[in-house]
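The values are calculated or read from the model by the stated rules, or taken from the named source; none is laboratory data. Nothing here was measured: the structure is a model prediction, and the numbers come from that model. Cβ coordinates were reconstructed from backbone atoms using ideal geometry, including for glycine residues, and neighbour counts include every protein chain displayed.
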């Protein structure tokens, strides 16, 4: 029994050592893979960042960035290219968070990245240190919505003393729900929607590019979506009604008035106009 136990223990130790060696070999083969933390040295406003890089199954790379100072967590990296000891990628947050930039990085050894952060024609150096394995954020996916949530919803809120009319058209598609999201003040703002979810009676509609979110809870008794509209630091209550019900109540169900002037789609924040 003692011999058998020692043999089992030896084999177990060999398996552990072998797995560790394989992990180290994979890490050595992909030196960019990992979590990288450091600072972008913007004059007068140093920016702490956390970047996660991981190889994808199809031979490409996936990555995300967290910027605590801009309340941005797990934002997917765009145009991510890794070649030899160099990497480049872009980041784009909503105008409310104010960050659209490109980063070019060079790998120094196995635990340091240095490079240039470019934004609006200006550049700033950065240094990042590898702090652990990658923790790339998986983008959330839209879910299906129930029949009672499908349809056209209208509402209105006041912001900075001006009325804003809102129309949200919700429908199911092959990959979950989709939405048209329009906010009208002095001009029409068509917000690009990238996420629609429903969990029980709670419905969320996200426009990450603009930083706008509608969160509402369906009230079966009244047939309303009772919630909030938020964008950046602004959050206001917003009650949405089905377009037909709003007409019955004598409310204006048109989110875009004929005299409103169209703007470039979703490039200007609704609270600005």
Quick one: residue 149 ticks every box in (1) buried (at least 16 other Cβ atoms within 10 Å of the Cβ); (2) part of a strand (DSSP E or B) except a single one, so which number is it? (2)
Could you look through the stretch 78-109, keep only residues that are part of a loop (DSSP other than H, G, I, E, B) and within 20 Å of residue 41 (Cα to Cα), and pick out the one that is modelled with the lowest pLDDT? 97
How many residues are under 19 Å from the mean Cα position of the chain (by Cα) and either closer than 23 Å to residue 78 by Cα or not in a strand (DSSP E or B) (or both) if we restrict to the stretch 180-219? 16
Among the residues of the stretch 44-75, which ones are in contact with a strand residue (DSSP E or B) (Cβ under 8 Å, 6 or more places away or on another chain), at pLDDT below 90 and assigned to a loop (DSSP other than H, G, I, E, B)? 56, 60
Of the residues in the stretch 168-179 that are outside any loop (DSSP other than H, G, I, E, B) and over 18 Å from the mean Cα position of the chain (by Cα), the one that is surrounded by the fewest Cβ atoms within 10 Å (Cβ to Cβ) is 173
